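Worksheet: the structure to be examined is printed underneath.
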Amino acid sequence: MNNLKKIAILLLVVALMTGFTQAASHHHSGPDATLRLSGGSFALGIGFRWGSGTLTYKGKDYPVKVNGLSVGKVGITGSSAYGEVFNLKASSRFQRSL
């Protein structure tokens, strides 16, 4: 009887995961925009991070800037990133959220 409960729970979990996967894959066919960032940081106990990049949305490029503080770090670093943006309805919504 105990094994029967385990099998039933496993089947339920698999069914739920399959449903979520299908819903996510049918929801949207591709990204609304792409984002490219590059930046760096400098820290000696308290540090500063900076970055800039481009949001490409509906064939237009929008400049993006990112900056912030860090605590408890030491060193100099550089970084770059590329990502896809989903469910973006207007470029102004992205820029306000940063």
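A few notes on this one:
- Given charges at beta-carbon only (K, R positive; D, E negative), |dipole| of segment 46-95 in Debye: 160 debye
- Computed E for D61/A90 - FRET, C-beta separation, R0 22 angstrom, nearest 0.05: 0.90
- Partner lysines for K73 [C-alpha distance under 30 Å; skip if fewer than 8 residues away on the same chain]: K65
- Under 14 Å, Cβ to Cβ, from S52 - net charge with Lys/Arg +1 and Asp/Glu -1: +2
Coordinate-derived values only; no laboratory data. This is a predicted model, so every value here is computed, not measured. As a convention, Cβ positions derive from the backbone with ideal geometry for all residues, glycine included, and neighbour counts pool all protein chains shown.
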